Amino acid sequence: MSLTDALIRVTKVADKEKKFFDGGGLFLLVTPTGGKWWRLKYRFAGKEKLLSLGTYPDTSLKDARERRDEAKRLLASGVDPSEHRKASKIEAITRGVNTFQAVALEWFEVKRSGWKPGHAKHIMTYFTTDVFPWMGNRPIAEITPPELLRVVRRVEKRAIPTAHRVLGVCGEVFRYAIVNGGRADRDPSADLRGQLKPKPKEKNRASVTNPDKVGELLRTLDNYAGGFHVRCALRLAPYLFCRPGELVAAEWKDIDLEKREWTFQASKVDIPHIVPLSSQAVEILQELHHMTGGSRYVFAQAFNFDKHISTDTVRLAIRSCGVPRELFTTHGTRAMARTLLHEVLHFKPEVIERALSHEVKDPNGRAYNRTMFLDDRRRMMQEWADYLDGLKTGNIRLGKVA
C-alpha cells in the first residue's frame, strides 16, 4: 500500500527501526529516536544499493517520489544514482573553487610580486569595485561575452579609459584560467574587441611656458585672498613642481628644514623621492609650521587638523584668482618646469626628469636611485626658485636673475 502524508504523520516511534514502503523501491525509515528518513532501494550491476533522499518533513512525500523517479531515469540510462550524486558534489565544489573571484585572486598573487604597490592597489580596486560585485561568484568557465560586456558597460558609463583597463585585466584572468588547470575553455573578452567606446585622446594639461606669461601668472596667484595655508600651497607649487596630490598630502615628518629636503614616496610611480628645498621654499614652510606644525599634515584643513586640504581646494583657489582652466591647471607647474629648466636654464633632461620623480635609467638600463643627481638637483631647485622670483618681479636678463 502506498504511503500518504496522513499516515506518515501518525506513524509512531518503535523500539527498533521500521520501514514503510511506498513503491518503486522508495520507503520511509523511522528510527527509535524519531527520525524519518527517505531511502531508495535499487539494484545496479547486480548489487543491491541504498540511496538517501532526505528527511521528512523537510522532504515531503511528493518530493521523495520525484527524487525516486529521477533516480529511476538515471538507472534506465545506465547511470548509478549514488555515483552521479558524488560526481555532482565534486562538480559543485569545483565550481565554487573556480569562481571568477577565486581565480582572479590567485592570478593577482602570482603577478603582484612583479608590480609596484601602487599598480597592485589599482588592480585590486578594479576587482573589488567594478567586477567582483557583479560576477565574482560566477564559475569562470560559465561567464559569457554578453555577461562580461554588461560588467564593463557599467564602468564605461563612469570612465571610458577605466572600462578598457578593466576589460584588459579580466582578459588576463581568463587566459590564466585557461592555461592553469583548464578552468576555463576560452577568453570571452576576446569577443568584445571594438565593443567599448574608443578611449578619448589624452589632452596635455594646460600650462604656461612663456617666461613673460609665467611672471604674470605668479603675480596673479600672489593676489589670492583666501586662507593662509592655501595661499602657501599656491606659492610652493611652482617652486616644487610636484604632483598636486603629493603637495596637499605632504606630512611634516617627511620634511627636514635643516637639511632642506622633503622625502616621500612618489605617488604615480611609487618610488622613493627626494625634493631639495630652495631657500624660498624653506621660508614658506617655516611660516606655515607656526600654523600647522601641530598636525600630521603640512596643509591641514583649517577646522580639522586630522585631514589635509584637497587638490580641488587648490584648483578652486587658482580659479578664484581669475585663471581659467584652459590656461593653467594645478598639474601645469610640472610642464612649466620641464620646459623652462631645459630651454632657458639649460639643465640636463635626465636631471629634470629625476626631479619630476620620473623613473630615469642609465645607459645600462638601470634605474637611477632617489639620490642620483641630488647635488645637481639642489643647485637646480635654487636656481629655479630664483628664476621664478625674477620672472615675478621682472628682474630677469637673458634667462638669469639680473
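Every read-out reported here was derived from the displayed coordinates using simple, explicitly stated rules and does not represent laboratory data. Given the structure is predicted, the values throughout are model-derived calculations rather than measurements. A quick note on method: Cβ atoms are made from the backbone with ideal geometry, for glycine too, and the neighbour counts reach across all protein chains shown.
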Legend entry - Using alpha-carbon coordinates, inclination of helix 228-240 to the longest axis of the chain, degrees: 80 degrees
Inset, instruction - Between ASP15 and GLU142, take the C-beta separation as r, use R0 = 56 Å, and let me know the FRET efficiency to the nearest 0.05. - result: 0.65
Inset, instruction - Filter the chymotrypsin sites (Phe, Trp or Tyr not before Pro) in region 219-318 down to the DSSP loop ones having no more than 10 other Cβ atoms within 10 Å, then list what survives. - result: PHE303
Legend entry - Largest-first ellipsoid semi-axes for the chain, taking √(5λ) over the Cα gyration tensor eigenvalues, angstrom: 73, 24, 19
Inset, instruction - Just the number, please: Stokes-Einstein D of region 100-192 in µm²/s, Kirkwood Rh from C-alpha pairs, 25 °C, 0.890 mPa s. - result: 186 µm²/s
Legend entry - Relative contact order of the chain, defined on C-alpha pairs under 8 angstrom at six or more residues apart (%): 11 percent
Legend entry - Exceeding the 21 Å Cα-Cα cut-off - candidates LYS36/LYS62; LYS259/LYS348; LYS157/LYS199: LYS259/LYS348
Legend entry - Qualifying aspartates and glutamates (Cα of each under 13 Å from Cα of LYS121; at least 8 residues distant if same chain): GLU109, ASP270
Legend entry - With Cα atoms, 0 to 90° folded angle of helix 81-97 axis to the chain main axis: 10 degrees
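Taking loop as defined by DSSP and a crowding limit of 16 other beta carbons within 10 Å, which trypsin sites (Lys or Arg not before Pro) in region 291-353 fit?
ARG296, ARG325
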Inset, instruction - Note the angle between two axes, namely the Cα long axis of helix 145-158 and the longest principal axis of the Cα atoms of the chain, as a number of degrees from 0 to 90, rounded to the nearest 10. - result: 30 degrees
Legend entry - Restraint check, LYS47/LYS72; LYS213/LYS253; LYS18/LYS41, Cα-Cα greater than 25 Å: LYS213/LYS253
Legend entry - Pair LEU345, LEU50: separation of 7 Å Cα→Cβ label points (nm): 8.9 nm
Legend entry - Given charges at beta-carbon only (K, R positive; D, E negative), |dipole| of region 100-192 in Debye: 360 debye
Inset, instruction - Let me see the pair-distance distribution of region 5-94: every alpha carbon pair, 5 Å bin width, integer percents in order. - result: 3, 13, 23, 22, 17, 12, 7, 3, 0
